[in-house]
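Novice: Here's a structure for you.
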Amino acid sequence: MTGGNHQVGRREVDDGAGLTGGFIRQTIEFVGHDVTLERFTTVLAGALGSKDYETKEHSARLVGVADAIARHIGLAEDVRRVIRFGAYLHDIGKVVIPDELLRKRGALTPYEFSIVRRHPEVGADILADIETWRDVRLIVRHHHEHFDGDGYPDGLRGEHIPLGARIVSVADAYDVMRSGRPYQPPRSRDWILGELRRHRGRQFDPDLVDALMNVLPRQATSAPEHERDGLVEQRTAIGRRRTDDALASWTRVTPAP
(Lines give C-alpha, C1' and ligand atoms only; values in the text may rest on other atoms or scores of the structure.)
Protein backbone atom coordinates (compact mmCIF):
# COMPACT_ATOMS: atom_id res chain seq x y z
CA MET A 1 0.00 0.00 0.00
CA THR A 2 2.46 2.57 -1.18
CA GLY A 3 2.53 5.19 -3.87
CA GLY A 4 -0.58 5.08 -6.03
CA ASN A 5 -2.24 2.51 -3.75
CA HIS A 6 -2.68 5.06 -0.94
CA GLN A 7 -6.03 6.21 -2.23
CA VAL A 8 -7.12 2.61 -2.68
CA GLY A 9 -6.59 2.01 1.04
CA ARG A 10 -8.68 5.01 2.04
CA ARG A 11 -11.39 4.12 -0.44
CA GLU A 12 -11.57 0.55 0.88
CA VAL A 13 -12.17 1.86 4.38
CA ASP A 14 -14.77 4.43 3.32
CA ASP A 15 -16.62 2.02 1.04
CA GLY A 16 -16.51 -0.77 3.61
CA ALA A 17 -17.88 1.45 6.36
CA GLY A 18 -20.71 2.60 4.09
CA LEU A 19 -21.62 -0.93 3.08
CA THR A 20 -21.54 -2.22 6.65
CA GLY A 21 -23.62 0.67 7.93
CA GLY A 22 -26.10 0.09 5.10
CA PHE A 23 -26.36 -3.60 5.98
CA ILE A 24 -27.13 -2.70 9.59
CA ARG A 25 -29.80 -0.17 8.59
CA GLN A 26 -31.50 -2.67 6.27
CA THR A 27 -31.36 -5.42 8.88
CA ILE A 28 -32.88 -3.21 11.57
CA GLU A 29 -35.68 -2.31 9.16
CA PHE A 30 -36.28 -6.02 8.53
CA VAL A 31 -36.30 -7.32 12.10
CA GLY A 32 -37.52 -4.14 13.82
CA HIS A 33 -35.91 -1.79 16.32
CA ASP A 34 -36.39 -4.14 19.24
CA VAL A 35 -33.26 -6.08 18.26
CA THR A 36 -31.54 -7.27 21.44
CA LEU A 37 -28.00 -6.18 22.16
CA GLU A 38 -27.02 -9.81 22.66
CA ARG A 39 -28.24 -10.96 19.26
CA PHE A 40 -26.82 -8.04 17.32
CA THR A 41 -23.49 -8.20 19.15
CA THR A 42 -23.18 -11.88 18.19
CA VAL A 43 -23.70 -11.09 14.52
CA LEU A 44 -21.35 -8.10 14.45
CA ALA A 45 -18.63 -9.94 16.33
CA GLY A 46 -19.07 -12.86 13.95
CA ALA A 47 -18.59 -10.51 11.02
CA LEU A 48 -15.31 -9.36 12.52
CA GLY A 49 -14.29 -12.95 13.25
CA SER A 50 -14.86 -13.94 9.64
CA LYS A 51 -12.27 -11.34 8.64
CA ASP A 52 -9.80 -11.57 11.52
CA TYR A 53 -10.29 -14.41 14.00
CA GLU A 54 -7.47 -13.24 16.27
CA THR A 55 -9.09 -9.81 16.70
CA LYS A 56 -12.38 -11.47 17.61
CA GLU A 57 -10.66 -13.71 20.18
CA HIS A 58 -8.90 -10.67 21.64
CA SER A 59 -12.28 -8.95 21.99
CA ALA A 60 -13.78 -11.98 23.73
CA ARG A 61 -10.94 -12.05 26.28
CA LEU A 62 -11.24 -8.32 26.76
CA VAL A 63 -14.84 -8.66 27.97
CA GLY A 64 -13.73 -10.60 31.03
CA VAL A 65 -10.89 -8.23 31.93
CA ALA A 66 -13.00 -5.09 31.47
CA ASP A 67 -15.86 -6.55 33.50
CA ALA A 68 -13.50 -7.53 36.31
CA ILE A 69 -12.25 -3.93 36.48
CA ALA A 70 -15.80 -2.54 36.40
CA ARG A 71 -16.90 -4.93 39.16
CA HIS A 72 -13.84 -4.07 41.27
CA ILE A 73 -14.61 -0.35 41.23
CA GLY A 74 -18.22 -1.00 42.19
CA LEU A 75 -20.16 -0.20 39.01
CA ALA A 76 -23.78 -1.27 38.79
CA GLU A 77 -24.74 -4.26 36.65
CA ASP A 78 -26.50 -2.17 34.00
CA VAL A 79 -23.34 -0.08 33.52
CA ARG A 80 -21.16 -3.19 33.49
CA ARG A 81 -23.40 -4.70 30.82
CA VAL A 82 -22.81 -1.72 28.52
CA ILE A 83 -19.06 -1.97 29.15
CA ARG A 84 -19.07 -5.67 28.27
CA PHE A 85 -20.76 -4.92 24.94
CA GLY A 86 -18.39 -2.02 24.28
CA ALA A 87 -15.41 -4.25 25.03
CA TYR A 88 -16.68 -6.98 22.68
CA LEU A 89 -17.28 -4.51 19.85
CA HIS A 90 -14.42 -2.07 20.49
CA ASP A 91 -12.55 -3.18 17.34
CA ILE A 92 -15.58 -3.67 15.08
CA GLY A 93 -14.31 -0.86 12.83
CA LYS A 94 -11.45 -3.17 11.81
CA VAL A 95 -13.94 -5.13 9.72
CA VAL A 96 -13.24 -2.62 6.92
CA ILE A 97 -9.47 -2.28 7.44
CA PRO A 98 -7.41 -4.05 4.73
CA ASP A 99 -6.25 -7.52 5.81
CA GLU A 100 -2.63 -6.85 4.93
CA LEU A 101 -2.49 -4.10 7.55
CA LEU A 102 -4.16 -6.10 10.30
CA ARG A 103 -1.76 -9.02 9.78
CA LYS A 104 1.42 -7.13 8.90
CA ARG A 105 4.37 -8.51 10.86
CA GLY A 106 6.57 -5.46 10.54
CA ALA A 107 6.01 -1.92 11.76
CA LEU A 108 3.29 0.05 10.00
CA THR A 109 4.31 3.04 7.92
CA PRO A 110 2.85 6.42 8.99
CA TYR A 111 0.34 6.18 6.14
CA GLU A 112 -0.68 2.62 7.07
CA PHE A 113 -1.10 3.65 10.70
CA SER A 114 -3.31 6.54 9.59
CA ILE A 115 -5.61 3.94 7.99
CA VAL A 116 -5.65 1.58 10.97
CA ARG A 117 -6.26 4.36 13.49
CA ARG A 118 -9.53 5.18 11.76
CA HIS A 119 -11.15 2.05 13.16
CA PRO A 120 -12.63 3.69 16.31
CA GLU A 121 -14.46 6.31 14.22
CA VAL A 122 -15.54 3.73 11.64
CA GLY A 123 -16.77 1.41 14.40
CA ALA A 124 -18.85 4.15 15.99
CA ASP A 125 -20.30 5.03 12.58
CA ILE A 126 -21.22 1.38 11.98
CA LEU A 127 -23.29 1.43 15.18
CA ALA A 128 -24.79 4.87 14.57
CA ASP A 129 -28.27 3.69 13.58
CA ILE A 130 -28.98 1.94 16.88
CA GLU A 131 -30.25 4.65 19.20
CA THR A 132 -30.11 2.53 22.34
CA TRP A 133 -26.39 1.91 21.79
CA ARG A 134 -25.19 5.45 22.46
CA ASP A 135 -23.01 4.44 25.43
CA VAL A 136 -21.63 1.45 23.53
CA ARG A 137 -20.74 3.73 20.60
CA LEU A 138 -18.87 6.06 22.97
CA ILE A 139 -16.71 3.16 24.15
CA VAL A 140 -16.01 2.08 20.57
CA ARG A 141 -15.13 5.62 19.46
CA HIS A 142 -12.97 6.61 22.43
CA HIS A 143 -11.09 3.47 23.51
CA HIS A 144 -7.84 4.86 22.03
CA GLU A 145 -8.02 8.21 23.82
CA HIS A 146 -5.22 8.80 26.34
CA PHE A 147 -5.68 10.14 29.84
CA ASP A 148 -3.19 12.95 29.10
CA GLY A 149 -5.06 13.98 25.92
CA ASP A 150 -2.52 12.53 23.48
CA GLY A 151 -4.79 9.81 22.03
CA TYR A 152 -7.23 9.66 19.14
CA PRO A 153 -9.61 10.29 17.44
CA ASP A 154 -10.71 13.37 19.44
CA GLY A 155 -7.83 14.05 21.81
CA LEU A 156 -10.07 13.85 24.89
CA ARG A 157 -8.37 14.18 28.28
CA GLY A 158 -8.95 12.79 31.76
CA GLU A 159 -12.54 12.35 32.85
CA HIS A 160 -13.78 13.85 29.58
CA ILE A 161 -13.08 10.36 28.22
CA PRO A 162 -16.14 8.16 28.97
CA LEU A 163 -15.47 5.82 31.89
CA GLY A 164 -16.28 2.72 29.83
CA ALA A 165 -13.73 3.75 27.21
CA ARG A 166 -11.08 4.31 29.90
CA ILE A 167 -11.74 0.84 31.29
CA VAL A 168 -11.57 -0.79 27.85
CA SER A 169 -8.38 1.15 27.05
CA VAL A 170 -6.36 -0.31 29.92
CA ALA A 171 -7.89 -3.78 29.50
CA ASP A 172 -7.11 -3.65 25.76
CA ALA A 173 -3.47 -2.75 26.34
CA TYR A 174 -3.11 -5.51 28.92
CA ASP A 175 -4.45 -8.20 26.58
CA VAL A 176 -2.36 -7.00 23.62
CA MET A 177 0.81 -7.21 25.74
CA ARG A 178 -0.23 -10.56 27.21
CA SER A 179 -1.12 -12.31 23.97
CA GLY A 180 1.20 -10.56 21.50
CA ARG A 181 0.63 -9.36 17.96
CA PRO A 182 2.20 -10.16 14.57
CA TYR A 183 4.59 -7.25 15.17
CA GLN A 184 5.14 -7.86 18.90
CA PRO A 185 5.82 -10.98 21.01
CA PRO A 186 3.80 -11.70 24.16
CA ARG A 187 5.29 -10.16 27.28
CA SER A 188 5.93 -11.46 30.78
CA ARG A 189 3.85 -10.47 33.79
CA ASP A 190 6.62 -8.29 35.24
CA TRP A 191 7.13 -6.50 31.92
CA ILE A 192 3.41 -5.81 31.57
CA LEU A 193 3.09 -4.50 35.11
CA GLY A 194 6.07 -2.23 34.51
CA GLU A 195 4.50 -0.80 31.34
CA LEU A 196 1.18 -0.21 33.07
CA ARG A 197 2.92 1.66 35.89
CA ARG A 198 5.01 3.68 33.43
CA HIS A 199 1.91 4.86 31.54
CA ARG A 200 -0.23 5.37 34.64
CA GLY A 201 -1.66 8.88 34.42
CA ARG A 202 -0.36 9.30 30.88
CA GLN A 203 -2.03 6.79 28.58
CA PHE A 204 -4.26 5.28 31.27
CA ASP A 205 -6.51 6.46 34.08
CA PRO A 206 -4.31 5.84 37.17
CA ASP A 207 -7.22 4.56 39.27
CA LEU A 208 -8.08 2.00 36.59
CA VAL A 209 -4.47 0.82 36.34
CA ASP A 210 -4.62 0.19 40.08
CA ALA A 211 -7.92 -1.65 39.68
CA LEU A 212 -6.51 -3.83 36.88
CA MET A 213 -3.48 -4.74 38.98
CA ASN A 214 -5.83 -5.81 41.77
CA VAL A 215 -7.82 -8.17 39.55
CA LEU A 216 -4.99 -9.69 37.50
CA PRO A 217 -4.45 -13.41 38.04
CA ARG A 218 -1.35 -14.28 40.02
CA GLN A 219 -0.08 -16.83 37.52
CA ALA A 220 2.17 -16.07 34.56
CA THR A 221 0.59 -13.35 32.44
CA SER A 222 1.70 -14.19 28.91
CA ALA A 223 -0.50 -16.47 26.82
CA PRO A 224 0.42 -20.17 26.40
CA GLU A 225 2.21 -21.01 23.20
CA HIS A 226 -0.65 -23.10 21.82
CA GLU A 227 -2.98 -20.06 22.04
CA ARG A 228 -0.66 -18.06 19.80
CA ASP A 229 0.34 -20.59 17.18
CA GLY A 230 -0.79 -20.49 13.51
CA LEU A 231 -3.86 -22.06 11.98
CA VAL A 232 -5.10 -18.54 11.23
CA GLU A 233 -6.77 -19.58 8.00
CA GLN A 234 -8.51 -22.52 9.66
CA ARG A 235 -9.75 -20.29 12.49
CA THR A 236 -10.93 -17.68 9.99
CA ALA A 237 -12.92 -20.33 8.12
CA ILE A 238 -14.54 -21.39 11.39
CA GLY A 239 -15.37 -17.76 12.09
CA ARG A 240 -17.02 -17.39 8.67
CA ARG A 241 -19.15 -20.49 9.22
CA ARG A 242 -20.27 -19.25 12.62
CA THR A 243 -21.15 -15.87 11.12
CA ASP A 244 -23.20 -17.51 8.36
CA ASP A 245 -25.05 -19.62 10.95
CA ALA A 246 -25.76 -16.58 13.15
CA LEU A 247 -27.03 -14.54 10.21
CA ALA A 248 -29.24 -17.39 9.00
CA SER A 249 -30.72 -17.80 12.48
CA TRP A 250 -31.21 -14.08 12.96
CA THR A 251 -32.92 -13.41 9.64
CA ARG A 252 -35.43 -16.17 10.39
CA VAL A 253 -36.89 -13.85 13.08
CA THR A 254 -40.40 -12.70 12.15
CA PRO A 255 -40.25 -9.09 10.87
CA ALA A 256 -41.72 -6.44 13.14
CA PRO A 257 -45.16 -5.20 12.05
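Novice: Buried (at least 20 other Cβ atoms within 10 Å of the Cβ) and not in a helix (DSSP H, G or I), is that true of GLY151? Working first, answer last.
Specialist: Values: buried (at least 20 other Cβ atoms within 10 Å of the Cβ): yes; not in a helix (DSSP H, G or I): yes.
Yes.
Novice: Related question: Tell me whether region 160-179 contains one or more residues that are modelled with pLDDT under 95, of a type in the set (Lys, Arg), surrounded by fewer than 16 Cβ atoms within 10 Å (Cβ to Cβ) and in a helix (DSSP H, G or I).
Specialist: Within region 160-179 (the criterion being modelled with pLDDT under 95, of a type in the set (Lys, Arg), surrounded by fewer than 16 Cβ atoms within 10 Å (Cβ to Cβ) and in a helix (DSSP H, G or I)), the answer is no, since none of the residues qualifies.
Novice: Scan region 96-124 residue by residue and report those that are closer than 17 Å to ASP172 by Cβ and of a type outside the set (Gly, Ala, Ser).
Specialist: Our first condition is that a residue be closer than 17 Å to ASP172 by Cβ; within region 96-124, this holds for 97, 102, 113, 116-124.
ILE97, LEU102, PHE113, VAL116, ARG117, ARG118, HIS119, PRO120, GLU121, VAL122 - these are the residues of region 96-124 that are closer than 17 Å to ASP172 by Cβ and of a type outside the set (Gly, Ala, Ser).
Novice: If you check every pair at least six apart or on different chains, which have Cβ atoms under 9 Å apart with a residue in region 199-220 that is more than 16 Å from ALA165 (Cβ to Cβ) and of a type in the set (A, V, I, L, M) first and a residue that is assigned to a loop (DSSP other than H, G, I, E, B) and at pLDDT below 95 second?
Specialist: ALA220/SER188
Novice: Any residue at all in region 211-224 that's among the hydrophobic types (A, V, I, L, M, F, W, C), touching a strand residue (DSSP E or B) at 6+ places or on another chain (Cβ under 7 Å), surrounded by 18 or more Cβ atoms within 10 Å (Cβ to Cβ) and at pLDDT 95 or above?
Specialist: No; the residues of region 211-224 include none that is among the hydrophobic types (A, V, I, L, M, F, W, C), touching a strand residue (DSSP E or B) at 6+ places or on another chain (Cβ under 7 Å), surrounded by 18 or more Cβ atoms within 10 Å (Cβ to Cβ) and at pLDDT 95 or above.
Novice: Go through (1) surrounded by fewer than 16 Cβ atoms within 10 Å (Cβ to Cβ); (2) within 21 Å of ASP67 (Cβ to Cβ) for ILE92 and report which single condition fails.
Specialist: (1)
Novice: Just the residues that are out of contact with any Asp or Glu (no Cβ under 9 Å at 6 or more places or on another chain) and under 18 Å from LEU196 (Cβ atoms), please, taken from region 141-170.
Specialist: First pass over region 141-170, keeping only residues out of contact with any Asp or Glu (no Cβ under 9 Å at 6 or more places or on another chain): 146, 148-150, 168.
Result: HIS146, ASP148, ASP150, VAL168.
Novice: Report every pair of residues separated by at least 6 positions or lying on different chains whose Cβ atoms are under 7 Å apart, first residue within region 134-158 and more than 12 Å from ASP205 (Cα to Cα), second buried (at least 18 other Cβ atoms within 10 Å of the Cβ) and of a type in the set (Phe, Trp, Tyr).
Specialist: Sorted first by the residue in region 134-158, then by its partner, the pairs are VAL136/PHE85.
The values are calculated or read from the model by the stated rules, or taken from the named source; none is laboratory data. Predicted model, so just to flag it, every value in this text is computed and none were measured. Every residue, glycine as well, gets a Cβ built from its backbone with ideal geometry; the counts of neighbours run over all protein chains shown.
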